[in-house]
Amino acid sequence: MSFRPFQEQSECVERGTMKTFAATPIQKLKLDLNNNHFYVKRDDLFPISFGGNKARKAILFFEAIRQGSFDSVVTYGSESSNHCRVIANLAASYGIPCHIVTPDGSTKRTVNRKMVEWFGARIVQCPVSDVASIIDKVIEELKSEGFKPYFIEGGGHGNIGTQAYVEAYNEIRNYERETGTYFKYIFHASGTGTTQAGLICGKTLHGDKKEIVGISIARKQPRGGTVILESVNCYLRELGYEEISDDVVTFVDDFVLNGYGTYNDQIIHTIKNILFFEGIPSDPTYTGKAFWGMIEYIKKMEIVNQNILFIHTGGTPLFFDAMEEITNG
Ligand SMILES: *Cc1c(COP(=O)(O)O)cnc(C)c1O
């Protein structure tokens, strides 16, 4: 698996080896809390397949696919996930078959699910306990048919996914240098932890002092934080840097409620507010939940007079799934 080492965004544009995109916008909010200044990095506007962190990760995976002349892709995750939608979309755009191993579960016809099917991905459904063996089986079958399959972990986990958010971190640094606005805190929705790992690696490589706060949308501690630290050190090892210890990982599990996909009235209220007053859509599973968690965390920790950046990690199709509840809220 090829893996592009850390570098400044401007260098990879100059090298011209891959399709690169302009930095996603950073937008100041009207939100007023404890005299803090709030900004949102609009990764939901990343220009591929409805944007988001899965799109930012996926373009790097597909660059590895192109460089390695792979001719098919295998991944896993829920058919309703942002990850599977983006991978199925990019596979369609590269003209290669996409195989998605998906655990038995909800059959709700979400917007992402409809798109995954529309893109023509082959869905292989199985009990969650069989996922690993079914992935192996699908890969072996493809090889025996003469294909050269490329495997992407669920959620775009792994060093390539981490690299995507080292690059996002560099975009944030460039913004700071250009505008003179420095962020003391970066908040975002944390799931598998790859996004957070990338941000922490970016910060570590530059020796910066920021606080990166992942608001967990499902996982509890200590597992959530441990997985992030493993991802960080896996990336740093590959680059030949020293490993770091867990005091740099701030993974907040106070706002997971009853786990993945659960939400409360305050989250719906938050989603409505940031849409009405700032014009920014969010959803109850990821960004709306994390934004609510950020507000509560800032109140609880009595954070005042700071520049605070929230990374909008996407998931726009989930907004439409939740439309009815949001409009009634
Ligand atoms: C997957 C996802 C996340 C979590 O990202 P990880 O890298 O898995 O932590 C956050 N927000 C959205 C919208 C996502 O789809």
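The values are calculated or read from the model by the stated rules, or taken from the named source; none is laboratory data. These numbers come from a predicted model, not from an experiment. Glycine also receives a Cβ, built like all others from the backbone with ideal geometry; neighbour counts cover every protein chain displayed. Ligands, DNA and RNA are stripped out before the accessible areas are found, and what is left, the full protein with its side chains, is counted by its heavy atoms. Shrake-Rupley method; radii C 1.70, N 1.55, O 1.52, S 1.80 Å.
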Notebook entry, point to check: Given springs between every Cα pair under 10 Å in a Gaussian network model of the chain, which of Val249, Val304, Val74 has the largest fluctuation?
Noted result: Val304
Checklist line | Label zone at Trp118 (point 7 Å along Cα-to-Cβ), backbone N below 13 Å, segment 51-88 | finding: 85-86
Item checked: segment 36-153 shape via C-alpha gyration tensor axes, a/c threshold 1.5 -> oblate
Next item on the list: Might you work out the accessible area of Ser216 for me, using a 1.4 Å probe with all protein chains in place, and round it to the nearest 10 Å²?
Entry: 0 Å²
Check: Just in segment 221-311: which GluC sites (Glu not before Pro) are loop by DSSP and have at most 15 other Cβ atoms within 10 Å?
Finding: Glu242, Glu243, Glu302
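If each residue of separation counts as 0.36 nm, what is the full-extension length gain between Asn328 and Arg42 once their alpha-carbon separation is subtracted? All intermediate terms of the calculation are to be shown ahead of the outcome.
Numbers: separation 286, 0.36 × 286 = 102.96 nm, distance 2.60 nm.
That pair, Asn328 and Arg42, stretches by 100.4 nm at full extension.
For Met294, Met115, give the ranking by accessible area with the largest first, probe 1.4 Å.
On the way: Met294 0, Met115 20 Å².
Ranking Met294, Met115 by accessible area, largest first, yields Met115, Met294.
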Next item on the list: Find, among the GluC sites (Glu not before Pro) in segment 122-172, those assigned to loop by DSSP (not H, G, I, E, B) with at most 12 other beta-carbon atoms within 10 angstrom.
Entry: Glu145
Notebook entry, point to check: Excluding ligands, DNA and RNA, what is the solvent-accessible area per residue of the chain at a probe of 1.4 Å, expressed in Å²?
Noted result: 44 Å²
Item checked: Gaussian network model of the chain, Cα within-10 Å springs - most flexible of Leu199, Leu257, Leu318 -> Leu257
Check: Among the lysines, which have Cα under 17 Å from the Cα of Lys210 when same-chain residues fewer than 8 positions away are ignored?
Finding: Lys41, Lys184
Item checked: Estimated inter-spin distance, Asn35 and Glu296, nm [label 7 Å along Cα→Cβ] -> 2.7 nm
Notebook entry, point to check: Leaving out ligands, DNA and RNA, what percent of the accessible area of the chain is carbon and sulfur, probe 1.4 Å?
Noted result: 52 percent
Item checked: Residue with peak Gaussian network fluctuation, the chain [Cα springs, cutoff 10 Å], from Cys234, Cys201, Cys84 -> Cys234
Check: lysines within cross-link reach of Lys114: Cα-Cα under 25 Å, excluding same-chain residues under 8 positions apart?
Finding: Lys54, Lys57, Lys289
Note to self: Less than 19 Å apart at the alpha-carbon level, and either on another chain or at least 8 residues along: which lysines does that give for Lys137?
What the structure shows: Lys148
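Normalised by the residues of segment 53-173, what does the relative contact order come to in percent, with Cα pairs under 8 Å and at least six apart? Please report the intermediate quantities before stating the final value.
Working: 177 pairs, mean separation 43.1, N = 121.
Dividing the mean separation by the residue count of segment 53-173 yields 36 percent.
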